[in-house]
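Report on the structure given below.
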Amino acid sequence: MLSIIIPTLNEEEGIAKVICSIPKKIRKFSEVIVTDASSDMTPIIAENLGVKVLRLKKKGKGFQMKEAVKQSSGDILIFLDGDGTDPAEFIPALLKKLENSQLVLGCRSLTKFDNEEPEMRQFFQLYKAIASPVSSILGLKVSDPLAGFRAIRRKDWDALNLQSDDFDIETEMNIKAINKGFTIKEVLIPNLKRCGGAQNSKFIKNPKMWFKIFKMLLEYKIIKLQKHESL
């Protein structure tokens, strides 16, 4: 079985789009789980679309992802953001790449952006300024290392023993996957407009998260340098 996990926080404008874009052939052998700490209509919309909703009292993307995995039963885990920017129709492509790897990321291009709306273009430039150094520091050859759209086998997820409760869980996942020698691949996906607008992005609203990500990367870099110097 496949477990499709969608962590959400006030994504009532995008959650239906995300759920309905999951291919029917995928839904047949999948469980879809929405983890929710919203104050809007997100959980009600998701329940009306026939998916399992976990109503959590604690916020935090990492916390939601970990709780969903605990209550899921699939051998393969797919993570999708609930804001409409991750095209679920690309799930089969991620699964294909997962056949010969341990972690697959659905990556947007950080060099080409087709949306001409000023708000979205500003969001893209900010995101690029943060995401590009992540790839460089990690030596990770993917276009979007912070992608929330991911596929991983449950046994590999368990092996990573992820601790983060926040948005930096993807960075922690990348670091630990690299340290364990995982093969990491990407599937290129289009840059889609965020439902609800860029101004509602938690990425923009929570600048403390950026510092947490770079703190984690700095610690990784220091440890790597120390190991190199000890050789």
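The values are calculated or read from the model by the stated rules, or taken from the named source; none is laboratory data. Computed from a prediction, not measured in an experiment: that's the story for all the values here. Glycine gets a Cβ as well: all are built from the backbone with ideal geometry, and neighbour counts include every protein chain shown. When the accessible area is computed, the model is the full protein with side chains, heavy atoms only, and any ligands, DNA or RNA have been set aside. Shrake-Rupley method; radii C 1.70, N 1.55, O 1.52, S 1.80 Å.
Given the condition surrounded by 18 or more Cβ atoms within 10 Å (Cβ to Cβ), polar (S, T, N, Q) and closer than 23 Å to Glu172 by Cα, answer yes or no: does some residue in the range 6-14 qualify? Give the steps one after another, and end with the answer.
Step one: of the range 6-14, the residues surrounded by 18 or more Cβ atoms within 10 Å (Cβ to Cβ) are 6-14.
With the extra rule that they be polar (S, T, N, Q), the set shrinks to 8, 10.
Among the residues that remain, those that are also closer than 23 Å to Glu172 by Cα are: 8.
Yes, that holds for at least one residue.
Restricting to the range 145-179, name every residue that is farther than 17 Å from Leu98 by Cβ and part of a loop (DSSP other than H, G, I, E, B).
Once the filter is applied, which keeps residues that are farther than 17 Å from Leu98 by Cβ and part of a loop (DSSP other than H, G, I, E, B), the range 145-179 yields Pro145, Leu146, Asn161, Leu162, Gln163, Ser164, Asp165, Asp166, Phe167, Asp168.
Where residues in the range 44-58 are under 17 Å from Glu12 (Cβ atoms) and open to solvent by 90 Å² or more (accessible area, probe 1.4 Å), which of them is farthest from the chain's Cα centre (by Cα)?
Ranking the candidates gives Asn48 first.
Could you please find all residues in the range 142-175 being surrounded by fewer than 18 Cβ atoms within 10 Å (Cβ to Cβ) and of a type in the set (Lys, Arg)?
Arg153, Arg154, Lys155, listed by residue number.
Can you find, within the range 59-75, the residue that is modelled with the highest pLDDT among those that are open to solvent by 20 Å² or more (accessible area, probe 1.4 Å) and closer than 11 Å to Asp36 by Cβ?
Step by step, filter the range 59-75, then rank; the result is Glu67.
Does the range 93-101 include one or more residues that are acidic (Asp, Glu) and open to solvent by less than 30 Å² (accessible area, probe 1.4 Å)?
Within the range 93-101, the first condition is being acidic (Asp, Glu), and the residues that meet it are 99.
Next, only the ones that are open to solvent by less than 30 Å² (accessible area, probe 1.4 Å) stay: none.
No, that holds for no residue.
Among Ile22, Ile45, Ile33, Ile6, which is the only one that is out of contact with any strand residue (DSSP E or B) (no Cβ under 7 Å at 6 or more places or on another chain) and at pLDDT 95 or above? First the steps, then the outcome.
Details: Ile22 fails: out of contact with any strand residue (DSSP E or B) (no Cβ under 7 Å at 6 or more places or on another chain); Ile33 fails: out of contact with any strand residue (DSSP E or B) (no Cβ under 7 Å at 6 or more places or on another chain); Ile6 fails: out of contact with any strand residue (DSSP E or B) (no Cβ under 7 Å at 6 or more places or on another chain).
Within the list Ile22, Ile45, Ile33, Ile6, the selection yields Ile45.
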